[in-house]
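Here is the structure we will look at.
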Amino acid sequence: MDVSRFFTGLTWTQRAIVVVGLAMSCFHLYVAFFGPPDAYIFRSTHLGFAMTLAFLILPGTRRREIEKPGWYDLALLAGGIAVCAYPIVFNQYIINRIYYIDPLYTRDFVFGIGMIVLLLEATRRAVGFALPLTAAAFLAYALLGTDTSLETLIDQLYLTTEGIFGIPLSVSATYVVLFILFGSLVERTGTGQLFMDFAMSLTGHAAGGPAKVACITSGLFGSVSGSAVANVMTTGTFTIPLMKRIGYRPAFAGAVEAVASTGGQIMPPIMGAAAFVMAEFLGISYLSVAAFALLPALLYYVALFFAVHFEAKRTGMRGLPRSDLPHLGTVLAERGHLFLPLVVIVGVLLAGYSAPMAALCGIASVIPTALLRKTTRGYVRLDNIVDALVAGARNTVPVALACACAGIVIGVITLTGLGIDFTSLVTAASQNSLVLALILTMVAGIILGMGMPTTPAYIVQVALLVPALVKLGILVEAAHMFVFYFAILSAITPPVAMAVYAANGISRAGLWESGLSAIKLGATGYIIPFMFVFGPSLLLIGDWSRVGLTVVSATTGVICLAGGLTGYLLSTATWWQRILLVAAAITLIKPGVTTDLLGAGLLGAVIVAQLLFPAQDIATAERPAAAGSDSQG
């Protein structure tokens, strides 16, 4: 393969992006194999790559086109390289000085202030205004609301590993970039098509088949990509038109895809970037975090799957003709081997190795796996691999910048003691009521997550909200998972619901109509965090008999909730049956033998009533798959 192909017909900017992106990916693969250098050197290099790509690729104003930087972008790029190079060049000076005691030189002030300003601007370009404005507000609080000096603030944020170069950026450089590279490589070797065909062959023919395809495909793809919006734009372009074709309302179709894609961040084996940050904060292995997330994630998707099933049965929708669908045996024979890299990652984690080692083994297995079959061998081309590595580097930029910017917030909270003050505030506001404290935390988490990526939203909540929950007696693991969930669910919660926005771009539905449908479909997601706070067995904490009982009752509960909100179980539910189903869901979801028996009784009453007096409704005469009308779902 002629290497010059990569530069043929490209502008100088595009050539620079290829070179920088390829260098970034190769650097992190080298570090993963041979081990990282000093923390400052490693994290500064990681951030330097991210800032360089941000100023090359992302426009600073609406007038500038993507990948066409102006002179001011190049000036910012040069500044970004300089402020990231400073900790590398003066590494020994930074390591040997005593922070908060040794005075800062003028150059420390210049490069420290430059880093903060340039990082805020790069983050604005990458993820929007919400996170930089949040960081700026914390900076203003430190300088104007406390007796913190500018010298101390720069010392904390730039010359220690308690600020910009702290744990969040370390996680981005060590864990996240490798899994993003893995996701980029598997996507370009046909795994995305495998997920789609696999789901289509399993459920495409069933009632409301395309909606069920969206659930399965987005869960599989999201567990690899870790991004709700990217997931919607990848799988939604296929599933949303299919859902509209069989009769789902555009708003409902978009909501299904948004909710399914958002759940990918909580679905093992590969979750969103925040899961790796959680492992670092808790001081446990990533495999333990994945174990905590497994049952709640399955409940989330069970509830969504039954919600779309009940909606399809209630409105009489059929699936797609079997003749239009791929055969499961053929799919597995031609592409089933592409599941192997995922198996490798899980196997390495189960063997007790670290997440970076698992990611590296997964990456190493992608190309040999694609070579196993003639149907996928064509993906193994030098240009395709280079494109995957460059795309992986580009996809890392928002995460790296968000983590570094979140480091500003963490640094200010640590320096000023704001976390302790906030803990006291939450405790006082809730009047030591755990339920009220959880509700306040839920609202705060959703607000903090609006328009902000999951990872920084989670990091801010860990600093501000988790200590208050732990003080009220919640297990620290459950507290972290609680705020993690609501940082994720902000993606489907109006008015700033990024996953819903992305889905609406395909479905052409209104924000509020789609947003309310998403809340209805994702209702279980808002309840599950309360479930594992009061019943940690849902996180696989405790004896197995209790875990088993919790799984059965919680699964039954979320199905009841889906039936009650949708208005269907065995047949269309009357108003009083819907009330009983929701009541059954609440009692089954709450741990305890008494509540489980009460919930089972309420569910039994609804089942008996529907068997004895089945409703005569539209579901008795199913419409053909090509209906395509805007039915009211």
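Data for the structure
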{"read-out": "Any hit, region 370-382, residues being among the aliphatic types (A, V, I, L, M), within 25 Å of the chain's Cα centre (by Cα), surrounded by 20 or more Cβ atoms within 10 Å (Cβ to Cβ) and modelled with pLDDT of 85 or more", "value": "no"}
{"read-out": "Of the criteria (1) within 22 Å of ALA400 (Cα to Cα); (2) touching a residue at least 24 places away in the same chain (Cβ under 8 Å), which one ALA297 fails", "value": "(1)"}
{"read-out": "Single unsatisfied condition, ALA214 versus (1) in a helix (DSSP H, G or I); (2) over 26 Å from MET452 (Cβ atoms); (3) touching a residue at least 24 places away in the same chain (Cβ under 8 Å)", "value": "(2)"}
{"read-out": "Answer from ARG124, ARG107, ARG43 - the residue that is more than 27 Å from the chain's Cα centre (by Cα) and either surrounded by 14 or more Cβ atoms within 10 Å (Cβ to Cβ) or within 17 Å of LEU157 (Cβ to Cβ) (or both)", "value": "ARG107"}
{"read-out": "GLY183 in contact (Cβ under 8 Å) with a residue 60 or more places away in the chain, farther than 22 Å from ARG381 by Cα and crowded, with 24+ Cβ neighbours inside 10 Å", "value": "no"}
{"read-out": "The listed residue being assigned to a helix (DSSP H, G or I), of a type outside the set (Gly, Ala, Ser) and more than 26 Å from the chain's Cα centre (by Cα), out of PHE310, PHE306", "value": "PHE310"}
{"read-out": "When residues of region 425-437 are limited to those that are in contact (Cβ under 8 Å) with a residue 40 or more places away in the chain and either among the small types (Gly, Ala, Ser) or crowded, with 20+ Cβ neighbours inside 10 Å (or both), the one farthest from PRO467 (Cα to Cα)", "value": "SER430"}
{"read-out": "Selection count where residues are touching a Ser or Thr at 6+ places or on another chain (Cβ under 8 Å) and closer than 12 Å to ALA207 by Cα, scope region 318-336", "value": "1"}
{"read-out": "Test: residue in region 294-309 that is of a type in the set (Val, Ile, Thr), farther than 16 Å from LEU538 by Cα, in contact with a helix residue (DSSP H, G or I) (Cβ under 9 Å, 6 or more places away or on another chain) and surrounded by fewer than 24 Cβ atoms within 10 Å (Cβ to Cβ)", "value": "no"}
{"read-out": "Subset of region 1-22 (residues that are at pLDDT 80 or above and surrounded by 15 or more Cβ atoms within 10 Å (Cβ to Cβ))", "value": "THR13, GLN14, ALA16, ILE17, VAL18, VAL20, GLY21, LEU22"}
{"read-out": "Close pairs from region 139-161: first outside any helix (DSSP H, G or I), partner of a type in the set (Val, Ile, Thr) and surrounded by fewer than 23 Cβ atoms within 10 Å (Cβ to Cβ), Cβ under 9 Å, at least 6 apart", "value": "GLY145/THR416; THR146/THR416; THR148/THR416; LEU159/ILE94; THR160/ILE94; THR161/ILE167"}
{"read-out": "Region 508-553, residues that are surrounded by fewer than 17 Cβ atoms within 10 Å (Cβ to Cβ), of a type in the set (Ser, Thr, Tyr) and over 21 Å from the mean Cα position of the chain (by Cα)", "value": "SER545"}
{"read-out": "Wholly within region 492-610, helices (runs of 4 or more DSSP H) carrying at least 1 residues that are hydrophobic (A, V, I, L, M, F, W, C) and more than 22 Å from THR262 (Cα to Cα)", "value": "523-534, 544-566, 575-589"}
{"read-out": "Only one of LEU178, LEU131 that is in contact with a helix residue (DSSP H, G or I) (Cβ under 6 Å, 6 or more places away or on another chain), within 28 Å of THR61 (Cα to Cα) and assigned to a helix (DSSP H, G or I)", "value": "LEU131"}
{"read-out": "Per-region count, region 46-82, residues more than 25 Å from the chain's Cα centre (by Cα), within 15 Å of THR123 (Cβ to Cβ) and in a loop (DSSP other than H, G, I, E, B)", "value": "1"}
{"read-out": "Tally of residues being of a type in the set (Val, Ile, Thr), surrounded by fewer than 24 Cβ atoms within 10 Å (Cβ to Cβ) and in a helix (DSSP H, G or I) across region 446-484", "value": "5"}
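One line per residue, one yes/no per condition, for (1) modelled with pLDDT under 95; (2) under 30 Å from ILE363 (Cβ atoms); (3) touching a helix residue (DSSP H, G or I) at 6+ places or on another chain (Cβ under 9 Å); (4) aromatic (Phe, Trp, Tyr):
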position: MET24; (1), (2), (3), (4): no, yes, yes, no
position: PHE33; (1), (2), (3), (4): yes, yes, yes, yes
position: ASP38; (1), (2), (3), (4): yes, yes, yes, no
position: SER44; (1), (2), (3), (4): no, yes, yes, no
position: ILE57; (1), (2), (3), (4): yes, yes, yes, no
position: ALA82; (1), (2), (3), (4): no, no, yes, no
position: TYR100; (1), (2), (3), (4): yes, no, yes, yes
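A quick yes/no check of all residues on (1) surrounded by 16 or more Cβ atoms within 10 Å (Cβ to Cβ); (2) among the hydroxyl-bearing types (Ser, Thr, Tyr); (3) on the phi < 0 side of the Ramachandran plot:
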position	(1), (2), (3)
GLY114	yes, no, yes
LEU118	yes, no, yes
LEU133	no, no, yes
THR146	no, yes, yes
GLU151	no, no, yes
THR160	yes, yes, yes
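The values are calculated or read from the model by the stated rules, or taken from the named source; none is laboratory data. As the structure is a prediction and not an experimental result, all values here were calculated from the model. For neighbour counting, all protein chains shown are included, and Cβ atoms are generated from backbone atoms with ideal geometry for every residue, glycine included.
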